[in-house]
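Beneath this line is the structure, given in C-alpha cells, with notes to follow.
The values are calculated or read from the model by the stated rules, or taken from the named source; none is laboratory data. These numbers come from a predicted model, not from an experiment. We place every Cβ from the backbone using ideal geometry, glycine too, and count neighbours over all the protein chains shown. Quick note on the areas: whole protein, heavy atoms, side chains included, nothing else; ligands and nucleic acids left out. Shrake-Rupley method; radii C 1.70, N 1.55, O 1.52, S 1.80 Å.
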Amino acid sequence: MEVYTSDSSDTDSREQKTLDFGRMSLDLVTLEDHLASPQKALLKSSGDIETMLLNHNRLVGLPRLLLQFGNLKILDLSSNAITTLPDAVCQLPLVTLIAKNNLLTNASLPKSLLTKMANGNNGGSSSTLKELNLSGNQLTHFPEQVTELRHLKYLYLGGNKISSVSKDIWKMQSLHVLSLGGNLISEVPEAVGSLNQLQALVLCDNLIEILPTSIARLKNLKSLLLHKNRLRHLPKDIVALKNLTELSLRDNPLVVRFVQDMALKPPTLLELAGRMVKASGQRPGPYDIPRTLGEYLNSANCCVNPNCKGVFFDNRVEHIKFVDFCGKYRVPLLQYLCSSKCIEPEQPAARGTSVPAANASSGFMMRKVLLG
C-alpha cells in the first residue's frame with residue numbers, strides 16, 4: 001500500500017515542541033506527577049507544547065491536567081489500556097489523535113468529537129481534527145460521532161469488531177484515507193461512493209461479498225485493498241478508476257476459476273411472453289394490456305452480449321467474465337445474460353487470473369494487482 005501521511009507529518013519536526021513520555025511504564029498517577037512538575041517535564045510553559053507522546057505506557061485513562069496544554073496539536077495515546085476518552089480531549093485543538101491499540105468501546109467515546117470553541121462563530125462547534133486513529137480497539141459498530149468531523153482527512157478504524165459502515169459517511173467529504181480492514185463488515189453502503197477526495201480505501205480482512213457500484217465514482221482512488229474477503233466478482237464499472245495503482249484481491253473466491261452456474265431455473269410463462277413482446281418491437285398502449293403487465297414489460301433488462309438483442313426479467317444467467325483492467329491485468333467481473341447460449345467463449349489469454357500486457361510502462365497501468 002502506498003504511504004499516506006497526515007498534514008501533521010509535513011510539519012518540520014525541529015519546529016514542533018514535543019513532550020515525550022513514551023515507553024516509560026507510566027500509570028495515571030505517575031503521569032500526573034510528571035505533568036504537574038516543570039522540573040520533570042522540563043517545561044517553561046505548558047502553552048509551548050504542541051506534541052505529546054504517551055504511547056506504550058500503562059495508562060487506563062487521561063489526567064485532567066491535559067487541559068492545561070492549550071496549544072496541543074498532536075496526541076499519541078497508542079498501546080496503553082485506556083478504556084475511556086474523556087470529553088476534555090474534545091476541548092483541545094488537536095490535529096492528530098492516535099488512540100490505537102487500547103480498550104476503547106463505542107460507549108467509551110465522547111458523545112461528540114467536535115472541539116468546543118468558546119469564541120467560535122455564533123457559539124457553535126467546529127473541529128481542527130484531521131487524523132483520527134482508533135484501530136485495534138473494541139468497537140462493535142461504526143462510531144457515528146466521527147461523521148461530525150467534516151474536515152477529517154485520515155480515519156483508521158481497522159482491527160476492531162465493526163459489522164457495518166455508517167450510511168452517513170457521505171458527510172465526510174474531506175476524507176483521503178478510510179481504513180476499515182480487519183473487522184466484521186459484510187456490506188459496504190452506496191454512500192462510500194460519495195467520498196470524492198478518497199485516495200485509499202482499505203476493506204481487507206472482512207466478510208464482504210459484494211461491492212457497491214458507487215465505488216466506480218471514486219475518481220481519485222489510488223489504492224483499493226480487498227484481500228481476505230468473500231468477493232466473487234467486482235462491479236463492472238470499476239474499470240473506470242483510471243487513477244487506481246494498487247488493487248489487492250488475494251484470498252477471495254474471485255481469484256479461483258469460476259464454474260458456470262448451470263442450475264438455471266426454467267423461465268416462467270410470463271417471462272417468456274414478455275421476452276416475445278419485447279423481441280417483436282411492439283409497444284402496447286395503456287388500454288391494450290393491464291397496467292401491471294405494462295410495468296412488468298418496462299422492467300426488462302438488456303442482455304450484455306453485444307451480439308444478442310434479447311432481454312430478461314426475473315430469470316437471468318450470472319456469468320463471470322475476465323476483463324482487461326487498465327490494459328495490464330484481467331479481473332473477473334459479473335455480467336447478466338438472458339441465456340446460457342449468450343456466454344462468449346473465453347480467449348486463451350484469459351485462462352489465468354492475471355496476465356501482464358506486453359507494454360507495462362504506460363502511466364495509466366496498474367503497478368500492483370495482488371491476486372495470488
- Taking ASN243, is it in contact with a Lys or Arg (Cβ under 8 Å, 6 or more places away or on another chain), open to solvent by 50 Å² or more (accessible area, probe 1.4 Å) and of a type outside the set (A, V, I, L, M, F, W, C)? yes
Flagged in segment 275-301 as farther than 20 Å from CYS338 by Cα and outside any helix (DSSP H, G or I), in numbering order, are ARG283, PRO284, GLY285, PRO286, TYR287, ASP288, ILE289, PRO290
Exactly one of ALA81, ALA88, ALA118 is over 14 Å from the mean Cα position of the chain (by Cα), farther than 29 Å from ILE208 by Cα, open to solvent by 10 Å² or more (accessible area, probe 1.4 Å) and at pLDDT 95 or above, and that one is ALA81
Taking the criterion of being open to solvent by 30 Å² or more (accessible area, probe 1.4 Å), at pLDDT 80 or above and not in a strand (DSSP E or B), would at least one residue in segment 310-328 satisfy it?
yes
Reported set for segment 179-215 where residues are open to solvent by less than 30 Å² (accessible area, probe 1.4 Å), among the hydrophobic types (A, V, I, L, M, F, W, C), within 22 Å of PRO253 (Cβ to Cβ) and in a loop (DSSP other than H, G, I, E, B) is LEU180, ILE185, VAL188, LEU203, CYS204, ILE208, LEU211
Within segment 275-316, the residues that are touching a helix residue (DSSP H, G or I) at 6+ places or on another chain (Cβ under 6 Å) and of a type in the set (Gly, Ala, Ser) are ALA300
All-but-one check, SER112 against (1) out of contact with any Lys or Arg (no Cβ under 8 Å at 6 or more places or on another chain); (2) more than 17 Å from LEU152 (Cα to Cα), failing number (2)
Residue pairs within 6 Å by beta carbon, gap of at least six or interchain, first lying in segment 216-227 and hydroxyl-bearing (Ser, Thr, Tyr), second assigned to a loop (DSSP other than H, G, I, E, B), listed first then second, are SER223/MET1; SER223/GLU2
The residue that is farthest from SER174 (Cα to Cα), considering only those in segment 217-229 that are in contact with a Ser or Thr (Cβ under 8 Å, 6 or more places away or on another chain) and of a type outside the set (Gly, Ala, Ser), is HIS227
Restricting attention to segment 220-240, the residues that are over 16 Å from VAL202 (Cα atoms) and assigned to a loop (DSSP other than H, G, I, E, B) number exactly 3
